1. Would you please name the residue that is nearest to B:V342 (Cα to Cα), looking only at residues in region B:180-239 that are open to solvent by 30 Å² or more (accessible area, probe 1.4 Å) and of a type in the set (V, I, T)?
2. Quick one: in region A:112-127, which of the residues that are open to solvent by less than 20 Å² (accessible area, probe 1.4 Å) and more than 30 Å from B:R422 (Cα to Cα) is farthest from the chain's Cα centre (by Cα)?
3. State the number of residues belonging to region B:267-279 that are part of a helix (DSSP H, G or I) and either facing chain A (nearest Cβ under 10 Å) or open to solvent by 70 Å² or more (accessible area, probe 1.4 Å) (or both).
4. Residues that are touching a residue at least 60 places away in the same chain (Cβ under 8 Å) and in contact with a Lys or Arg (Cβ under 9 Å, 6 or more places away or on another chain): which helices (runs of 4 or more DSSP H) entirely in region A:28-123 hold 2 or more of them?
5. Given the conditions (1) touching a helix residue (DSSP H, G or I) at 6+ places or on another chain (Cβ under 7 Å); (2) more than 8 Å from chain B (Cβ to nearest Cβ), and given that A:V89 satisfies all but one, which numbered condition is not satisfied?
6. Just to check your reading of the model, which residue among B:I94, B:I85, B:I81 is aliphatic (A, V, I, L, M), crowded, with 19+ Cβ neighbours inside 10 Å and closer than 30 Å to B:V175 by Cα?
7. Just one of the numbered conditions (1) open to solvent by 10 Å² or more (accessible area, probe 1.4 Å); (2) touching a residue at least 60 places away in the same chain (Cβ under 8 Å); (3) at the interface with another protein chain (Cβ under 7 Å from one of its Cβ atoms); (4) of a type outside the set (D, E) is not true of B:V246; which one?
8. Just give me the residues in region B:337-378 being open to solvent by 40 Å² or more (accessible area, probe 1.4 Å) and among the aromatic types (F, W, Y), in sequence order.
Amino acid sequence: MNMVWRERITLLIIYTILTATAIAIIYPVLWVIMGSLNPGDTLSATKLLPDKLTFKHFERLWSGTEYVLWYKNTLFIAFWNMILSTFLVVTAAYAFSRYRFPGRRQGLMAMLVLQMFPGFMGMIAIYILLLQLNLLDNHWGLILVYAGGSIPFGAWLVKGYFDALPRSLEEAAKLDGAGNLTIFFKVMMPLSKPILVFVAVSNFIGPWMDFIFARLVLRSDEKKTLAVGLFEMVTGRGNTEFTTFAAGAVLVAVPITILFLLFQKHLVEGLKAGANKG
Amino acid sequence: MKSKAKVGALLSLLFMGLGQLYHRQFAKGIFLLLLEAYVLIFWSLPFQWAMWGLTTLGETPQIRKAGRIVYPGDHSIFLMIEGIIYLIAFLLFIWIYYLNIRDAYKTGKIRDEGGVPNNIKQTLRNIWENGFPYVMLTPAVLFTAFLTILPLIFGIAIAFTNYSGPNYLPPKNLVDWVGFKSFVDLFQLKTWSRTFYGVFIWTFIWAIISTISIYFVGMLFASLLGHRKIRFKRFWRAIFILPWAVPGFISTLIMRNIFNGEFGPLNKYLQVIGFDPIPWFSDPFWAKMTLFMVNLWLGFPFWMLLMSGVMTSIDKELYEAAEVDGATAWQKFWKIMFPIVVFSTTPLLIMGFAGNFNNFGLIYFLTSGGPVNPDYTYAGSTDILITWLYKLTLEQNKFNIASVVSILIFIVVAALSIYNFRRTRAFREEDMMSQ
């Protein structure tokens, strides 16, 4: 067998693997999109190639469930978590990266250790604290919990990025008479766009995915987020509403997927940087 | 000769601010004096009460007569949290006290050496100039203190109490400190230890296999797509990235339906082509297989993306040199590409292991820990430590055992992370070590 044939067979094998994988990947996605357009209600009635398509499940989301409310809640939480977390992370990282002060080393060490604890460990205490502060079943309570949890990892990541920025720029600004705040906003922030985008996007996406704390903090039906609502839709009532769930899933997955794909490069780079720099 | 430094320090030790007054720093001295007086007058009784609460966790249980609460009783858990907050505040005060003594000592030293201590204006300017990083840090520190550190201390403290349902739940009952009893129970009491060892071993198996499988499949696809003759690379990559981009909980819930034993499409197809349906979720072995498969589906794109990046950054000359020496494709893979990729991805691989070790979402959404395992207490066949912990906490109120489990999880994850940080450049080059 000569070289040309060997290569052709190799290519054939590779293409076969790629095609098979592509089918395995697209199938569930396609199936759920079809499910959302399927006339039936249940899982067993859902066909990959339905006889006709319908939008009634999307209508049902609007009229029959609290879906719109959940969507609004999640958007609200995600947005404010993005603002608050990014603010907390960036200010802390800046102080750790650019200033030398007593307690800096201990602070960095403490954050390293803190990010190793499972978020769960403080669950009961957080519950009781929020209860005492009257923030249980309140979106702000949840936002505070998310923001607090994002600090240790985020601050290390952003600090690593800040460390790599040249100091000469700030020194020049300082010579020109710029104060601490001016340097922070006018010199550092514009240079830090990539990492700011990464932190902001991941803090925006975080609340869309979280189930544990949302379930813990938010109690009433009208305060729920999408993750909790959709989970209960397919596990609570014995799968009689599969197609409605499918419609709901499509509406969540599409924007988040697009967001992810748009910022794909930033996300991979950010994670890589985080691993290399600590 | 009497040293002004020592006198100042001694006076400040006696009462905050005295040393500063002795050094004629009146504004600072009076401020410190007032601070200690304020703390002593207004906070010593509450502090004593809080310490009583923290040590005893309450003494009077709730009293009810004919179903009505006559006496509300001590709430052990509130007492504990209050006690911890007071303890932290107390330590903070001790630290300020220490700084006050040190300041008096240092100022005295300046005077001993014939210098003039800073006046109030200079002191304030000094604080303003050097204090900026603290201003920047304050919000983050407050958040971390109340939402991370305090809950953690509390979470650890719970492990040493008997806080659990149905008999030790405030406000109806009191909670007591029991020392290491919950730890001993978990390891030795049959009902707990059997579940613990079973779940613990499965957690490790799960974390190892799931991490390694997605790592190598990711590598495989990165190298397949890296083959120079493959066309439409961007098209293939766009498809393969999909599972990574779709929100994890949604794809997991979709998979839960696809693998559904009775109504799921997979089993229907199997029946159409003449096979028996597979008990994806109702059989322990198949439930575990399903988890591995879905995890593979969800996880490999991330590694594929990452490794594609690493592979393209490998110097082409290495391959050319190998070709000149007559290396086969196989040799080039194992001797050049593989070591480089593994070397640069190990830290992430270890974090990936830690992530899978605590992969709550996948397990809870896909199998919810099921199928039922009659040998286990409050856990199913596919429960890992973290999902068991969740059930113990939110569903069963076994807070003490849950807390012990969470400490064990922490030990495992912390060991991995410390190993990781020690071997990354950051730890050695970071100037935090030399400061």
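The values are calculated or read from the model by the stated rules, or taken from the named source; none is laboratory data. What you see is a predicted model; the values in this text were computed from it and never measured. As a convention, Cβ positions derive from the backbone with ideal geometry for all residues, glycine included, and neighbour counts pool all protein chains shown. The accessibility values were calculated without ligands, DNA or RNA, using every heavy atom of the protein model including side chains. Shrake-Rupley method; radii C 1.70, N 1.55, O 1.52, S 1.80 Å.
1. Of everything passing the filter in region B:180-239, B:I212 is nearest to B:V342 (Cα to Cα).
2. Ranking the qualifying residues of region A:112-127, first place goes to A:A125.
3. Within region B:267-279, the first condition is being part of a helix (DSSP H, G or I), and the residues that meet it are B:267-272.
If we keep only those that are either facing chain A (nearest Cβ under 10 Å) or open to solvent by 70 Å² or more (accessible area, probe 1.4 Å) (or both) too, we end up with B:268-269, B:271-272.
Summing the residues that are part of a helix (DSSP H, G or I) and either facing chain A (nearest Cβ under 10 Å) or open to solvent by 70 Å² or more (accessible area, probe 1.4 Å) (or both) in region B:267-279 gives 4.
4. Values: elements: A:56-64, A:67-98, A:104-114.
Ranges flagged: A:67-98.
5. Among (1) touching a helix residue (DSSP H, G or I) at 6+ places or on another chain (Cβ under 7 Å); (2) more than 8 Å from chain B (Cβ to nearest Cβ), the lone unmet condition for A:V89 is (2).
6. Numbers: B:I94 fails: crowded, with 19+ Cβ neighbours inside 10 Å; B:I85 fails: crowded, with 19+ Cβ neighbours inside 10 Å.
Only one candidate passes the filter, namely B:I81.
7. For B:V246, the failing item is (2).
8. Hits for region B:337-378 are B:F338, B:F343, B:Y376, B:Y378.
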